[in-house]
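Peer 1: Here it is, the structure in full.
The values are calculated or read from the model by the stated rules, or taken from the named source; none is laboratory data. Here the structure is a predicted model, which is why all the values come from computation and not from measurement. Note that we place each Cβ from the backbone using ideal geometry, even for glycine, and neighbour counts take in every protein chain shown. To get the accessible areas, we keep the full protein, side chains included, count just its heavy atoms, and leave off ligands, DNA and RNA. Shrake-Rupley method; radii C 1.70, N 1.55, O 1.52, S 1.80 Å.
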Amino acid sequence: MMMQPPSSTGLSSAGEGAEDGVLEAIVIIPLVVYGAAQRMPARVRMLAVHFSVWLPAFPSSKTVRNLTGRNERPARARGGFWRAGSVKRWAPRPPTGMLVHCAPRSSLFTYQPGVMMHSRPCSSFVTGRLFEQVDAASLAFFRICFGVIMLVECGRFYRHDWIERYYISPDFLFSYYGFEWITPLPGNGMYWLFGALALLSLCVTIGLFYRLAIVLLWLGFTYVFLLDQARYLNHFYLVSLMLFLLSWVPAHRIWSVDAWRKGGRDGTTVGLWSVWLLRGQMEVMLIFAGLVKLNPDWLRLEPLGMWLARRAEAPLIGPWLEQDWMVAVAAYGAIAVHLVGAPLLLWRRTRLPIILAYCGFHLSNHFMFTIGIFPWLTMAATLLFLDPDWPRQVLHGLRRRMGLTPAPYRPSLPGPTPGLALRRVVLGGMVVWFAVQVLLPLRHLLYEGNPSWTEEGHTFAWMMKLRDKKADIEFRVFDPPTRREWRVEPNDFLFPHQARKVGTRPDLIVQLAHHIERVWERELGVSDVEVRVRSCVSLNGRPAALLIDPQRDLTQVKRSLRQADWILPLRVPFERPPQRSRRYDLSC
């Protein structure tokens with residue numbers, strides 16, 4: 001429907017009072033100035049916007065008519081203030097009969113055909129901006145990449161026989177605090193579960209029954225993630241968070257079987273909040289990944305120096321990996337790429353170079369360290385910072401380079417627009433979500449000591465690659481009535497991948513002590529035994545020191561979120577090892 005040309009009459013009707021007409025004049029005069037400025041150069045026109053940007057609005061004002069000579073119609077203000085020139089750049093005039101749409105192509109609010117431009121009250125500026133309709137292409141591309149990554153990861157569990165090794169064969173798994181009730185499925189249930197996860201990943205990839213598939217995939221993967229605390233990985237935590245967020249956003253609007261079945265009735269656009277929800281989660285992760293590296297050990301180039309020295313036999317770059325300057329470039333470069341790069345992703349001019357830097361960073365991590373799907377997941381998520389229609393731009397450019405006829409322009413079909421009440425609910429949910437995501441990694445500040453030593457507040461805080469810990473641990477079981485004593489090695493109860501972790505993590509040590517107590521009572525008929533531990537731990541090349549009070553009966557320790565008084569503080573000063581690659585004496 002074509003909009004009518006602006007009327008030359010005033011805002012007030014003939015029956016309104018003189019005072020009301022004066023108030024309307026206060027609103028309309030800057031708009032007239034702005035309309036005349038349309039013939040000025042672009043930079044001068046922007047000055048007109050900034051000089052007439054905040055105007056008082058009154059409930060008695062009629063709908064402001066368009067005096068700018070463009071096909072737009074500001075919406076009526078509901079009180080407070082409304083913004084007359086809320087756009088920074090105008091889209092080209094569309095063909096006759098087409099509505100002008102304002103779909104921000106980036107976080108800097110440049111515009112393209114999409115959704116009708118409106119002025120909005122200041123009180124609803126954020127909600128209005130977040131609910132602008134943008135192209136769903138980037139969100140759909142991320143959905144496809146995410147589904148493929150999850151499908152490949154499920155295949156890796158089958159190919160490497162990790163399902164049997166991690167979840168079926170072990171007699172004992174370490175639980176997260178508050179999730180002790182989660183246990184593995186009996187029999188071959190875990191094999192069936194991973195098969196279902198693979199099928200759900202395929203459904204997410206092709207967009208088949210997306211809403212149901214993404215929720216079930218989130219529930220199933222999070223269940224697997226919470227089965228064993230010894231298997232905690234930051235990228236599994238990120239996958240669980242992303243699955244939860246994707247269950248709320250319409251990532252299946254285009255390039256999906258669901259969209260094909262519905263004939264595009266849901267439109268080809270999504271609310272800008274959908275993109276910013278995932279962008280915000282990535283910003284939180286990247287910034288905290290840089291902040292946690294501002295600690296004394298990392299600034300002294302450890303433990304990165306030890307890890308790179310162990311790869312000194314690598315071809316071409318191997319001799320450089322033992323040089324301090326190379327380690328310093330890698331250590332301080334990791335800080336810069338997170339603390340400087342993450343904010344620059346929000347700036348259009350620096351976005352592409354930063355994305356290329358991130359790709360190089362993650363690819364180097366992939367070849368230097370064993371970190372699974374994390375590099376590929378983060379690279380796919382980083383592309384969300386590009387313009388929402390970047391996949392279409394790439395496809396258009398490829399078709400032109402290949403000499404093919406570019407696809408004809410098709411205006412975006414706006415998706416359903418939520419009402420004001422739903423907008424407030426979504427905005428409130430986003431505020432709560434990001435508040436939790438910011439506060440949760442900071443909980444380690446509530447505990448005394450180095451979190452890399454005590455492990456208190458270390459999980460769910462994006463503390464990645466901060467510690468290299470080696471331990472020599474021995475449990476002693478004592479029966480007070482008979483004065484008998486047994487010495488127990490963790491390998492007697494655990495698989496190798498569990499035994500490597502238990503000696504360095506106090507919470508796992510307590511859980512194993514409780515398990516040993518139950519085994520003694522069940523198999524030997526000895527109740528009320530005392531379990532103590534001697535754990536000598538080396539952190540980032542330091543000489544070994546006691547981690548747990550050897551005189552404390554761990555069967556009397558109850559798991560809680562309070563400061564643990566049975567964890568000994570780290571008093572061994574940092575000493576740079578003369579040879580980073582050698583093994584250290586763990587006697588203490």
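Peer 1: Could we say that Leu420 is in contact (Cβ under 8 Å) with a residue 24 or more places away in the chain and surrounded by fewer than 17 Cβ atoms within 10 Å (Cβ to Cβ) here?
Peer 2: yes
Peer 1: Check Val572, Val531, Val526 and return the single one that is at pLDDT 95 or above, β-branched (Val, Ile, Thr) and either more than 28 Å from Arg165 (Cβ to Cβ) or buried (at least 16 other Cβ atoms within 10 Å of the Cβ) (or both).
Peer 2: Val531
Peer 1: Being open to solvent by less than 40 Å² (accessible area, probe 1.4 Å), under 25 Å from Leu384 (Cβ atoms) and among the acidic types (Asp, Glu) narrows it down to one of Asp297, Asp266, Asp258, so name that one.
Peer 2: It is Asp258.
Peer 1: Sticking with this structure for a sec: Can you list residue pairs whose Cβ atoms sit under 9 Å apart, with the first residue in segment 306-335 being open to solvent by less than 80 Å² (accessible area, probe 1.4 Å) and the second being basic (Lys, Arg) and not in a loop (DSSP other than H, G, I, E, B)? Count only pairs 6 or more apart in sequence or on different chains.
Peer 2: Matching pairs, first to second residue: none at all.
Peer 1: Additional query: If a residue has to be modelled with pLDDT under 90 and on the phi < 0 side of the Ramachandran plot to count, how many in segment 365-377 make the cut?
Peer 2: Final tally of qualifying residues: 7.
Peer 1: For segment 187-228, which residues satisfy the criterion of being in contact with a His (Cβ under 8 Å, 6 or more places away or on another chain) and open to solvent by 50 Å² or more (accessible area, probe 1.4 Å)?
Peer 2: Selection gives Arg211 alone.
Peer 1: Between a first residue in segment 373-401 that is without any contact (Cβ under 8 Å) to a residue 12 or more places away in the chain and a second residue that is assigned to a helix (DSSP H, G or I), which pairs have beta carbons less than 9 Å apart while being 6 or more apart in sequence or on different chains?
Peer 2: Gln393/Ala137
Peer 1: Just the residues that are β-branched (Val, Ile, Thr) and either under 21 Å from Ala499 (Cα atoms) or touching a His at 6+ places or on another chain (Cβ under 7 Å) (or both), please, taken from segment 148-181.
Peer 2: Across segment 148-181, the qualifying residues are Ile163, Ile168.
Peer 1: Inside segment 458-485, can you point out the residues that are part of a strand (DSSP E or B), open to solvent by 60 Å² or more (accessible area, probe 1.4 Å) and out of contact with any Phe, Trp or Tyr (no Cβ under 8 Å at 6 or more places or on another chain)?
Peer 2: Asp472
Peer 1: State which residue is farthest from the chain's Cα centre (by Cα) when the search covers only segment 338-354 and only residues that are buried (at least 19 other Cβ atoms within 10 Å of the Cβ) and hydrophobic (A, V, I, L, M, F, W, C).
Peer 2: Going through the qualifying residues, I end up with Ile354.
Residue-by-condition table, conditions (1) over 22 Å from Asn540 (Cβ atoms); (2) in contact with a strand residue (DSSP E or B) (Cβ under 8 Å, 6 or more places away or on another chain):
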{"position": "Lys470", "(1), (2)": "no, yes"}
{"position": "Phe478", "(1), (2)": "yes, yes"}
{"position": "Thr482", "(1), (2)": "yes, no"}
{"position": "Trp486", "(1), (2)": "yes, yes"}
{"position": "Asp492", "(1), (2)": "yes, no"}
{"position": "Gln498", "(1), (2)": "yes, no"}
{"position": "Pro506", "(1), (2)": "no, yes"}
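Peer 1: Can I ask one more? Do any residues in segment 553-566 that are touching a residue at least 40 places away in the same chain (Cβ under 8 Å) and farther than 22 Å from Asp528 by Cβ have Cβ atoms under 7 Å from those of residues that are among the aromatic types (Phe, Trp, Tyr) and in a loop (DSSP other than H, G, I, E, B), where the two are at least six apart or on different chains, and which pairs are they?
Peer 2: Hits for this filter: Leu561/Tyr177; Gln563/Tyr447.
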